[in-house]
Amino acid sequence: MSTLLITHPSSLLHEMGEGHPECPERIQAVMDHLGAEDFAPLLREIAPGVTLEAMLRVHSVRYVKALEDCAPREGYFEIDADTCMNSSTWSAAQHAAGGATSAVDAVFQGRAEKAFVAMRPPGHHAGQESAMGFCFLNNVAIAARHAIVGHGVERVAIVDFDVHHGNGTQEIFYSDRQVLYCSSHEMPLFPGTGRPEDTGHFNQICNVAMQAGDDGTVMREAFRDIILPRVHDFAPDLILVSAGFDAHKHDPLGNLALEPDDFYWMTGKLGDLAHRHCHDRMVSVLEGGYDLEGLAQSAGAHVRALMGR
Ligand SMILES: [Zn+2]
């Protein structure tokens with residue numbers, strides 16, 4: 001079973017100011033961890049930039065043009081209190097989305113069965129026309145539409161275990177019967193969306209609300225009872241993962257209590273469904289995770305499970 005790891009140097013250049021939790025060191029921590037001997041069998045590729053065509057399957061021309069125009073030559077351009085652009089942000093965002101589409105290409109062209117895109121900025125809070133919550137382009141949404149339009153598949157399941165709700169992903173796919181979006185997230189917490197009653201126009205949105213303090217036992221129950229059966233019933237052609245590791249017990253932005261082994265377990269279970277429905281095809285993109293040690297350990301466990309080790 002071959003697993004692909006995709007990254008790009010621009011992920012280390014986008015930064016939003018001193019002390020910001022969504023920092024270049026996150027990628028450094030993950031890549032240092034994945035440099036260990038255990039991970040030697042990974043295929044490694046550098047991400048291309050995303051094509052305009054792929055971006056416009058999710059975002060409007062007006063929005064893409066605005067991001068391009070806002071990118072500063074120096075200093076910062078502030079979009080909201082916690083989301084801003086420096087001179088490298090636009091390139092980093094385009095490569096993070098390009099990493100996601102190229103991972104989709106790899107699993108459909110048979111270069112790999114599974115892939116992890118270790119890049120930033122993250123994407124799941126970005127809507128069709130909105131940047132927020134450290135996100136600019138919705139990487140996982142661009143990957144889903146790339147699979148459907150670019151590779152002609154019928155159904156894509158997105159599973160998002162970031163501690164925050166992926167409001168952008170939900171908004172983009174609210175009326176799309178080809179995409180199942182399942183999210184487990186802490187509530188109440190930023191961005192405030194993700195009520196279990198929000199089920200999409202075709203009952204293809206599945207929100208599972210967790211409470212502060214919930215640990216891996218509660219998370220595994222939510223997966224076993226709700227999320228995994230939903231993915232199974234949907235019978236997707238591809239499973240995408242919005243892999244945020246901020247549900248880790250030490251994360252400063254969330255209050256759940258997951259251990260690296262819980263991420264290993266969830267990933268393994270999704271891998272079983274990918275085996276059953278998707279010829280093993282599964283693409284995971286990094287979202288949050290702000291405790292550097294917890295992030296590195298959890299992403300490592302996630303990638304080990306993708307590798308089937
Ligand atoms: Zn998050």
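The values are calculated or read from the model by the stated rules, or taken from the named source; none is laboratory data. Since the structure is predicted, the reported quantities are computational estimates derived from the model, not experimental observations. Every residue, glycine among them, receives a Cβ derived from its backbone with ideal geometry; neighbour counts consider all protein chains shown. Quick note on the areas: whole protein, heavy atoms, side chains included, nothing else; ligands and nucleic acids left out. Shrake-Rupley method; radii C 1.70, N 1.55, O 1.52, S 1.80 Å.
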Which net charge results for the neighbourhood of LEU52, defined as the other residues with beta-carbon distances under 12 angstrom from its beta-carbon, given Lys and Arg at +1 and Asp and Glu at -1?
0
Using a cut-off of 12 Å between beta-carbons, work out the net charge of the residues near PRO122 (Lys and Arg +1, Asp and Glu -1, PRO122 not included).
-3
Regression test value, accessible area per residue of the chain, probe 1.4 Å, units Å², expected 38
Excluding residues on the same chain fewer than 8 positions from LYS65, give the aspartates and glutamates whose Cα lies under 20 Å from its Cα.
GLU53, GLU74, GLU78, ASP80, GLU129
Largest first, what is the accessible-area ranking of HIS165, HIS279 with a 1.4 Å probe?
HIS279, HIS165
Using a simple spin-label model with points 7 Å from Cα along the Cα→Cβ vector, what separation in nm is obtained for THR217 and LEU13?
4.9
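Please list 222-231, 35-44 highest first by mean number of surrounding beta-carbon atoms within 10 Å per residue.
Numbers: 222-231: 17.9, 35-44: 12.0.
Sorting 222-231, 35-44 by mean packing, highest first, produces 222-231, 35-44.
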Among ALA66, PHE134, HIS248 the positive-end extreme of the charge dipole of the chain (Cβ point charges):
ALA66
Amide N of the range 118-138 lying under 11 Å from the label point, which is placed 7 angstrom from the Cα of SER60 along Cα→Cβ:
128-130
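Based on the mean of other beta carbon atoms within 10 Å per residue, what is the order of 301-307, 73-79, 243-249, most packed first?
Details: 301-307: 23.1, 73-79: 12.1, 243-249: 27.1.
Answer by packing, highest mean first, reads 243-249, 301-307, 73-79.
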Ranked highest first by average number of other Cβ atoms within 10 Å, how do 108-114, 53-59, 281-287 line up?
281-287, 53-59, 108-114
Considering amide H positions built from the backbone, and no H for Pro or chain starts, which residues 5 or more places from GLY288, or on another chain, come under 5 Å of its amide H?
GLY244, PHE245, ASP246
What do you reckon, how do THR267, THR199 stack up by accessible area (1.4 Å probe), largest on top?
THR199, THR267
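Taking a ≥ b ≥ c as the square roots of the Cα gyration tensor eigenvalues, with a/c under 1.5 meaning rounded and otherwise prolate when a/b beats b/c, else oblate, which class fits the range 5-130?
Working: a/c = 2.49, a/b = 1.32, b/c = 1.89.
In terms of gyration-tensor shape, oblate.
If you take the beta carbon distance between GLU74 and GLU129 as r and set R0 to 22 Å, what does 1/(1 + (r/R0)^6) give as a FRET efficiency, to the nearest 0.05? Don't jump to the answer; show the numbers that get you there.
Details: r = 26 Å, r/R0 = 1.20.
The value I calculate is 0.25.
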Need the full-extension length gain, ARG111 to ASP32, defined as separation in residues times 0.36 nm minus the C-alpha distance. One decimal, nm.
26.0 nm
May I ask for the distance between the Cα centers of the range 194-228 and the range 9-60, given as a whole number of Å?
27
